[in-house]
Amino acid sequence: MSNTSPYIIGNSSAEDRREPRRILSVDALRGFSVLLMVFAAVIPFGVLPSWMYHAQSPPPLHHPVFIPGITWVDLIFPFFLFTMGIAIPLALDKKLSSGVPLWRLILVQLKRSILLAVFAIYIYHVNPRVICSVPDWKTWCLSLIGFVLLFPVLGRFPFRLSNAKQAILQISGIVLMAAYIAFLNGQGVHFSLYQSDIIILVLANVSFFGSIIWMISKNNFAFRIGFIIIFLALKLSAAFPGWVHNIWVYSPAPWLWHLDYLKYLLIIIPGTIAGDLILKAQKNPDCITFNKTYLTASVLVLILVVTVVAGLKQRIGAELFLFSVALTFFIRQLVLLKSGKGSLLAGISAWGILWLIIGFLFEPYEGGIKKDPATISYYFITSGLASFVLAALYIMIDIAGKKKFFNLLIDSGRNPLIAYAGLNNLVFPLLMLLYIKPLLDMIFTTPWPGVIEGAIITWMLALATRFFTKLKIYLTA
């Protein structure tokens, strides 16, 4: 969950081009993923249609089932992983080009991943429902304190601290975190390194190894495709007894690292390729004016996503494949009419088509696409869809300049750790202590109105995240 600064290439003046601006569409896609993750967590449990939940955990009991298909909920995590992949070259390219030694960058990335792992373990233990199965006002206060203690370790503020002061602040913060966990342990919260937020722990693993892969394959897409083939070979062979399986399941520190987590590099690596396309566009800026052709392309992307997700859930086979490929090629031709073959949009759409085709060709394998357990088709189809959604957001925000309609997404994407931790440790405690959540529960008593309540809570979280972002206060590893 990087707080690095992606950049924008678009319709800008010569003065603007001297210092590239932030690519707001990347922030918007990241924020969209985080807020959808929150929304999916707060909608009513077990009473809505199956397409409102993970395909492999349908209502009413949400027990795991191995039926093929995906829903919109299953796009959330891969979309976030894709933006993490984009952020890797945007964060590291300037440092490498300025002569920062490779070993130093590796150490920085290792430290960042360790901090993410600390965050994963800590945020699990200060979750109000881990502190107490039936939270009361003391529980909500304890969870708020837990949120505040994140800032000495992961906080970035508008004022600048020296490296020494930053190190002292972080070490002091880690000590405070440890002391607070010990206090909670005395209150009945059993601490274990093996209990952590699995999403953040996966991110800690793939961010480090994704950064290493990008650094050693910089400017070499073919080499990076080789890594995809390597991980595919590992995943396929690990399903059978033998030495590859033994390597796949071995971990010297199971609470921290599993080779199995690295399967998500099959989404991170496509994301780094999109990030490289953005870097290339910085050196040869696109001069694009928004027009109705681009608007049509953006609408067709929405149709593409809905069609693919619905079609896969309904188990439509060859017809869905042919329609999706034809639609993506048509979208690409619309883009090429106005931007040319060398443009950023042309590059992102071309790779998006490739990932979708690979994903569809793998779809019958492993009994059809699934998120749990994740199939090979899942990684590539979601990478392809993420590519096209990024292109649509780029058109609407960075070319058309409709930033004001996406501000909540953009600010949440700039501050994803606050958005992620803020639900359980900021918004819910405040809503409960102020008796707003019980009031909402009394107003929205049936399933679909409960979805409206979930949207309101998600909106409140987005506002809270934007508040911190506007103050230039971030949580970042």
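We did not get these values from a lab; they are worked out from the coordinates using the rules stated. Remember, predicted model here, so these are calculated numbers, not experimental data. As a convention, Cβ positions derive from the backbone with ideal geometry for all residues, glycine included, and neighbour counts pool all protein chains shown.
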Subject >> Backbone HN-Hα couplings from phi across the range 173-178 [Karplus 6.51/-1.76/1.60, Hz, Gly and Pro as x] >> reply: x, 5, 4, 4, 4, 4
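How do 42-54, 209-221, 379-391 rank on mean C-beta neighbours within 10 Å, highest first? Before the final figure, lay out each step's value.
Details: 42-54: 16.2, 209-221: 18.8, 379-391: 27.5.
Most protected by this proxy first, the peptides run 379-391, 209-221, 42-54.
Return the loop-located chymotrypsin sites (Phe, Trp or Tyr not before Pro) in the range 86-173 (DSSP other than H, G, I, E, B) with at most 11 other Cβ atoms within 10 Å of their own Cβ; answer none if there are none. If you can, show how the numbers build up before the last one.
Values: sites: 103, 119, 122, 124, 137, 140, 147, 159; in loops: 159.
Those satisfying the criteria are 159.
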Original post:
By a straight-distance test (C-alpha under 22 Å), which lysines pair with residue 402 as possible cross-link partners, with residues fewer than eight away in the same chain excluded?
Top reply: 292, 338, 470
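Within the set of other residues whose C-beta is less than 14 Å from the C-beta of residue 477, count the net charge using Lys and Arg as +1 and Asp and Glu as -1. Show your work: numbers first, answer last.
Numbers: positive: 111, 112, 156; negative: 197.
It works out to a net charge of +2.
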Original post:
What list of ³J(HN,Hα) couplings, whole Hz, do you get for the range 157-164 from phi and the Karplus terms 6.51, -1.76, 1.60, once you set θ to phi - 60° and write x for glycine and proline?
Top reply: 10, x, 8, 9, 10, 5, 4, 5
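Which trypsin sites (Lys or Arg not before Pro) in the range 223-316 pass both tests, a DSSP loop state and at most 16 other beta-carbon atoms within 10 Å? Provide the component values of the computation, followed by the final result.
Working: sites: 224, 235, 263, 280, 283, 292, 313, 315; in loops: 315.
Qualifying residues, ordered by number: 315.
Rounded if a/c is under 1.5, else prolate if a/b is larger than b/c, else oblate: which is the chain, with a ≥ b ≥ c the root eigenvalues of its Cα gyration tensor?
On the way: a/c = 1.32, a/b = 1.21, b/c = 1.09.
Rounded, because the longest to shortest axis ratio a/c is under 1.5.
Of 94/403; 95/165; 94/283; 95/283, which pairs sit farther than 24 Å apart, going by alpha carbon to alpha carbon? Mind dumping the intermediate values first?
Working: 94/403 26 Å; 95/165 22 Å; 94/283 12 Å; 95/283 16 Å.
Going by Cα-Cα distance, 94/403 fall outside the 24 Å limit.
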Original post:
Setting aside same-chain residues fewer than 8 positions from residue 263, which lysines have a Cα under 22 Å from its Cα?
Top reply: 111, 218, 235, 370, 371
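Residues with beta-carbon under 12 Å from that of residue 67, excluding residue 67: net charge, scoring Lys, Arg +1 and Asp, Glu -1?
On the way: positive: 313, 315, 370, 371; negative: 372.
Neighbour charge sum, excluding residue 67 itself: +3.
If r is the Cβ-Cβ distance from residue 283 to residue 459 and R0 is 56 Å, what FRET efficiency results, to the nearest 0.05?
Numbers: r = 39 Å, r/R0 = 0.70.
Computed FRET efficiency for residue 283 and residue 459: 0.90.
When only C-alpha pairs under 8 Å and at least 6 residues apart count, what is the relative contact order of the range 279-424, in percent?
Values: 129 pairs, mean separation 36.7, N = 146.
Rounded, it is 25 percent for the range 279-424.
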Original post:
trypsin sites (Lys or Arg not before Pro) within the range 401-445: which are DSSP loop residues with at most 16 other Cβ atoms inside 10 Å?
Top reply: 402
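Test of understanding: what is the full-extension gain from residue 103 to residue 245, defined as 0.36 nm times their sequence separation minus their Cα-Cα distance? Display every interim value, and only then the final one.
Details: separation 142, 0.36 × 142 = 51.12 nm, distance 3.07 nm.
Here the answer is 48.1 nm.
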Subject >> Protection proxy ranking, peptides 320-333, 193-206, average beta carbon neighbours within 10 Å, highest first >> reply: 193-206, 320-333
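Roughly how big is the range 319-382's charge dipole about its Cα centre, with Cβ charges of +1 (Lys, Arg) and -1 (Asp, Glu), in debye to the nearest 20? Before the final figure, lay out the partial values.
Numbers: 5 positive and 4 negative charges, 73 e Å.
Rounded to the nearest 20 debye, it is 340 debye.
Tell me the relative contact order for the range 304-368 as a rounded percent, counting alpha carbon contacts under 8 Å between residues six or more apart. Intermediate results must be reported in sequence, preceding the final value.
Values: 28 pairs, mean separation 17.5, N = 65.
Relative contact order here is 27 percent.
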**OP:** Note down the net charge around residue 373, summing +1 for each Lys or Arg and -1 for each Asp or Glu among other residues with Cβ under 11 Å from its Cβ.
**Re:** +1
